[in-house]
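Read-outs throughout are calculated quantities, based only on the coordinates presented, and are distinct from any laboratory measurement. Since this is a predicted model, take the numbers as computed values, not measurements. Quick reminder, even Gly has a Cβ in these numbers, built from the backbone with ideal geometry, and neighbours come from all protein chains shown.
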Amino acid sequence: MMVLLWIRGVLARRFLRVAGAAAGIALTVALLAAMALFLANAGASMTARAVSAVPIDWQVQVISGADPDLVGKALSEAAPVKTVHQVRYADVAGFEARTGGTTQTTGPGQAVAFDSRYSSNFPAEIRPLSGTLDGALIAQQTAANLHVGPGDTVSIQRIGLPPAEVRIAGVVDLPDADALFQAVGLPPQAAPQAPPDNVLILPLETWRQVFDPQQKARPDTTRLQLHVRLAHEALPPDPVTAYTFVTTAQHNLEARVAGQALVADNLGSRLGAVREDALYASVLFLFLGLPGVALAVALTFAVTASGAARRRTEQALLRVRGATIKDILLLSAAEAAVAAIAGTAIGIAAASLAAIIVPGLEAVLGVNVPTLLLVASFGLLVGFIAFLYPAWRDARWATVTAVRRTVSRPRAPLWQRLWLDILLLATAGLFFWQSASTGYQIVLAPEGVAAISVDYKAFIAPALFWLGMALLTIRLSAAVIAGNGALLRMIIAPASGPLAPVVSAALSRQAGRLTIGIAMTALAISFATSTAIFNTTYNAQARIDAELTNGSDVTVFGTTDRPAGAHLVALASLPETAAAEPMQHRFAYVGADLQDLYGIDPARIGRATGLSDAYFSGASAAGTLALLAATPDGVLVSEETVQDFQLQQGDTINLRLIDARDHQYHPVAFKFIGVAREFPAAPKDSFLVANSAYVARMTGSDASEYVLMRSKADPAALARQAASALTSDPSLKVTDIGQAAHLIGSSLTAVDLGGLTTIELGFAVVMAAAAAGLMLALGFLERRRPFAILAAIGAKPRQLAAFLWSEGLLILVGGMTFGLLSGLLTAWMLVKLLTGVFDPPPEALSIPWLYLAVMLGLVAASVAAAVWSARPSAGQAAEQLRDL
């Protein structure tokens, strides 16, 4: 009965404080639950995207003399197999063709044969460009080298046997050539081998007729592979677990077929990269989410602590009337139960609502009951500690006389006397400098090793910085307020006017309470600012990464025979086109190495695509392009080529390019003027960038194989318009930046932090407004008696408003100043520490001005609402004094 009476009295007299504590617990539970759901779904999304992006899961190469049927049986026993197809390879000395009265020859290559229905189960391996798929098919680059097309005859230079001739039925592209022709059985640390430059695809019967004799004479020149698609539905949703599942199955197969077959685990390699991204998602959860959780917990404790003086007085009265410590703790536990249970229930409900509203969370809501129960338990624990610990501490250590003392000598807390805030900031700076300057990787995923780890030392710097800034905010705010100096009077002057000296003196007596309000507001604004800046920077870099992969918002890919540049006028006139620029894509030999060469107009390429300074070494993007424009025969070379050939700037490089007039490779002199680390649409390793006008003049062809297009609004809409305009030429391929973002992301960019940051940014705004408004309102609640006394002795409403608005302005200015500074520095630190997330690293932080303006506006509105609600009612001072 006593507990029920106490609860009823608490809800009647201290409802705002109980509601504030419940709100803090609800924020804690909701944020933790929503982020846990996001993390679980992020892992499942990474696995699904990674698996779908692997054209061939396993390539099992049967050793010469082994029985393919036995290998196939072992395969079905070792792993959940969905489909298996046989692929036969043969090495050739070269190809030869006679066209237009000339004879063209190539170097060594390979002839491949797929079994029936291969293309239906592995459709990504062959992309038709011209002709039909019924008969012998020739790869695009080989067709260009031999200058042949459908209907022409190609002579196959067999090894150790006379040549054999086949008629070409079609020209194709091999999008997955790197995996299709990879060397099976190499150790994980071995460098990948480049695919052959010359490839012919034959029907299986034709391949047998041509190469069965070569296989008997030179069995080392032919090989048989089994291309395997595993049952993806059998894979665990977590990337790390899926990686372990696939690699364990691979090892099982290798044990079963020892000496009979070799295995290339493409799926395991892809999941091996994804597990690193999964750990990065966990890292982002810790970096971005835990400060918000800590802030919500701190807000809960601050709300319960705001009525400490009144609580101690009530406890003293209870003890005078015979209550024991057990009785006091029982009443506090009842109050805690109301706030904790209500807050936890609201938090779980809010997380469930977020799971419905925020894309990507609903899929895992039903399978995360243990996680939600754990989060709910944490919320209940926070609530009970926030209420019970202060009650136990006061009842255990404070005497009744000391508790009822209204005036006490202020004493600086221990952390201020030890200068702990400065020590924390200095230590954070030291750890940050050590981490950021050594080029470390926060996520460690050794290739070929199942274990993966996070360098958790990287969390020390931001954690110490966050704590140090909070304590420094309290120190500086307390110094300004308690000092009652000119700075305090200047801050409150707009609200207090001529009463500034009196108001500042009154505020200086409330330094402890006000500094807590400023610190909580600053922490909330800092959390919102750092999260928003990191999210905006991340999204900007994710788009740059996707644009780098695709080339531009929309890119039309063609060939030298069927260049996309021939349709430039039509593409540039599309309604959604903001700019369209042609770009050449040729092939050039650097020594014996065949590389991609891109011909551009340096003065205009920037209209259609973004060029970051990080793409170039030793100079800015603008400076490098200006130098290329001023050097007609200039060439930009990739870092790998510079290292491989020991090049120095100014060197003359003789590149062999195919001449359109005789279809033969001829040396062309270029001047090495700079290094390109990356370039739109270029591969990651080796490539060249030159002036398109010079390439056209030296090769006799001004064909531009690619067209880069900038969209006015929606790239996907522009891609659809471009595809419709190019229906007459099906060999042209149109891709947009959204498709590239899907392909490059296993991955964090594919998972899209939008779900995580939508949750966090929403909570950040709520917490920022709550921290400012709620702390101010609770402070006013504690000071109702002084305000009522002032009103009773004749203070005018305008004079009372000066005290209220000055206090609100002080918390607002202090919280915004320290919060924005701390948030900006925290975001900069996060971007530096999480460099591995960005490719390329950002040149500068991206500031979300609109979000920050809205957030600060809501904080100001919450302060104004708290001040407005605290105004004493006119003519009711006496009644208020009797109630208080």
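Placing R0 at 35 angstrom, the Cβ-Cβ distance between F181 and S620 gives a FRET efficiency of 0.35 after rounding to 0.05. Considering only alpha-carbon pairs that sit under 8 angstrom and 6 or more positions apart, the relative contact order computed for region 81-230 is 35 percent.
Hey, what number do you get for the chain at 222 nm if only DSSP H runs of n ≥ 4 count, each worth -39500 (n - 2.57), divided across all residues, to the nearest 500?
Working: 32 runs with 484 residues, N = 884.
About -18000 deg cm²/dmol.
The mean sequence distance of close C-alpha pairs (under 8 Å, at least 6 residues apart), as a share of the length of region 1-132, puts its relative contact order at 15 percent. Using the Cβ-Cβ distance between I7 and A305 with R0 set to 25 Å, the FRET efficiency from 1/(1 + (r/R0)^6) comes to roughly 0.75.
Which loop chymotrypsin sites (Phe, Trp or Tyr not before Pro) in region 157-250, with loop taken from DSSP, have no more than 11 other Cβ atoms within 10 angstrom of their Cβ?
Sparse-neighbourhood loop chymotrypsin sites (Phe, Trp or Tyr not before Pro): none present.
If each residue's Cβ is checked for other Cβ atoms within 10 Å, how do V92, V320 rank with the fewest at the top?
Working: V92 25, V320 10.
Arranged by neighbour count, lowest to highest, V92, V320 become V320, V92.
Once the gyration tensor of the Cα atoms in region 499-620 is diagonalised, the equivalent ellipsoid follows with semi-axes of 57, 18, 12 Å, ordered largest first.
What ratio of Cα Rg to 2.2 N^0.38 Å holds for the chain?
Working: Rg = 35.3 Å, N = 884, 2.2 N^0.38 = 29.0 Å.
Rg over 2.2 N^0.38 Å, computed on Cα atoms: 1.22.
For region 81-230, the alpha-carbon coordinates run over 50, 32, 31 Å along the three principal axes, in decreasing order. The distance separating the Cα centre of region 643-694 from that of region 55-103 comes to 34 Å.
With q set to 0.19, 0.27 Å⁻¹, the log10 of I(q)/I(0) for region 1-57, from the Debye formula over equal scatterers at the Cα positions, is -0.78, -0.98.
Taking each pair of distinct Cα atoms in region 559-731 once, what is the resulting Kirkwood hydrodynamic radius in Å?
Every distinct Cα pair counted, the radius reaches 16.7 Å.
Of the trypsin sites (Lys or Arg not before Pro) found in region 490-561, those that fall in a DSSP loop while having at most 14 other beta-carbon atoms within 10 Å are R509. Ranked by the mean number of other Cβ atoms within 10 Å of their residues, highest first, the peptides 527-537, 58-68, 793-803, 559-569 come out as 527-537, 559-569, 58-68, 793-803.
Would you please put 690-699, 585-594 in order of how densely packed they are, using the mean number of other Cβ atoms within 10 angstrom per residue and starting with the highest?
Details: 690-699: 20.1, 585-594: 17.8.
Output ranking for 690-699, 585-594: 690-699, 585-594.
For the chain, the relative contact order works out to 16 percent when only alpha carbon pairs closer than 8 Å and six or more residues apart are counted. With each label modelled as a point 7 angstrom along the Cα→C-beta vector, the K216-S119 pair spans 3.1 nm. Centre-to-centre separation between the Cα atoms of region 214-286 and those of region 455-525: 57 Å.
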